[in-house]
Structures are given as structure tokens and as C-alpha cells.
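Here is the structure we will look at.
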Amino acid sequence: MSKLKLHLDADTSVMALHHALTKNGHDVTCTPNDWMPEDISDHDQLLKATEQGRCIFSFKVQDFAVLPRQFPQHRGILLATQRSWTLSELFNALDRVLTETQAEDWKGRVGWLNQWR
């Protein structure tokens with residue numbers, strides 16, 4: 001089993017969240033970076049995250065809920081509604097996901113962050 005690696009998409013790329021998760025020992029990237037430009041489409045974000053072996057976290061529920069039909073081989077999609085979370089709650093829930101699940105658990109899976117609240 002391998003550790004889950006996460007990518008925060010353009011909507012969820014809050015530097016404080018990224019910093020807190022990486023400081024806690026998690027392998028987390030965010031948009032933009034050297035392999036993910038800021039103006040990239042949702043479809044291409046999913047493809048690039050998959051190429052990097054990363055589950056992607058997004059607030060774009062409607063957009064990312066349909067993408068698995070087009071690209072079922074993704075490495076995981078984790079969704080949440082933006083208005084229902086504080087930064088602290090996001091950190092705690094994502095920390096649980098990254099600690100309690102493995103990369104293999106997310107292959108082709110779409111999940112809701114609320115399960116780890």
C-alpha cells in the first residue's frame with residue numbers, strides 16, 4: 001500500500017492549507033506549480049494530477065462529478081462544498097483522509113470530504 005498524494009485544484013489552493021498539510025508530513029501539491037499552470041481547465045487538471053499519481057481535491061462539485069465518466073482511470077477525486085468549511089475544518093478532514101486512506105483506495109473513486117468531518 002502506498003501513501004495517498006493529494007493535489008489542491010485552483011479553487012482549493014489556499015497557501016495556508018497547503019503549508020499546514022505539508023508541514024504535517026503529507027505529500028500535497030497545489031495549482032499553480034511547475035507542472036500545473038494556473039489557467040488550466042478542470043479536465044486537464046484531473047489528467048495532470050493523474051499523471052502525477054495524485055488524488056485531486058476540488059470545490060467544483062458539478063464540474064468534477066462528471067469528469068470520471070470521461071476519464072475513469074483517475075487517481076481519485078475528493079469533493080466538498082466551499083461554503084460549508086472553515087480552514088481549520090478543511091485541514092482536519094484532509095489530514096484524516098491522508099492519514100487513514102491509501103492511494104489504492106482512491107483509484108477511480110469520487111468521494112465527499114464530509115465523510116472525514
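The values are calculated or read from the model by the stated rules, or taken from the named source; none is laboratory data. Source: prediction; values computed, not measured. Positions of Cβ are generated from backbone atoms using ideal geometry, with glycine treated the same way; all protein chains shown enter the neighbour counts. These area figures cover heavy atoms from the full protein model, side chains too; ligands, DNA and RNA do not enter into them. Shrake-Rupley method; radii C 1.70, N 1.55, O 1.52, S 1.80 Å.
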Normalised radius of gyration for the chain, please: alpha carbon Rg relative to 2.2 N^0.38 Å, two decimal places. 0.94
Between Q62 and E38, with labels modelled 7 Å along Cα→Cβ, what's the label distance in nm to one decimal, could you check? 2.5
Taking alpha-carbon centroids only, segment 58-117 lies from segment 17-49 a number of Å equal to 13
Only helices counted: for the chain, with every DSSP H run of 4 or more residues adding -39500 (n - 2.57) and the sum spread over all residues, [θ] at 222 nm is -11500 deg cm²/dmol
Approximate spin-label separation M1-E89, in nm, with each point projected 7 Å along Cα-to-Cβ: 2.8
Sequence-distant or interchain residues sharing an amide H contact under 5 Å with H7, placed H: which? T29, C55, I56, F57
Using the crude model of +1 on Lys and Arg Cβ and -1 on Asp and Glu Cβ, and no other charge, please compute the dipole size for the chain relative to its Cα centre, in debye to 20. 360
Leaving out ligands, DNA and RNA, and with a 1.4 Å probe, what % of the accessible surface on the chain is carbon or sulfur? 49
Integer Hz, Karplus 6.51/-1.76/1.60 couplings in order for segment 70-75, x for Gly and Pro: 7, 9, x, 8, 5, 9
If the cut-off is 17 Å between C-alpha atoms, which lysines fall inside it for K5, apart from same-chain ones fewer than 8 positions away? K23, K48, K107
Between Q73 and A16, 0.36 nm times their residue separation minus their Cα-Cα distance comes to what? 17.5 nm
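Counting only heavy atoms of the protein chains, get the accessible area per residue of the chain (1.4 Å probe) and round it to a whole Å² value.
53
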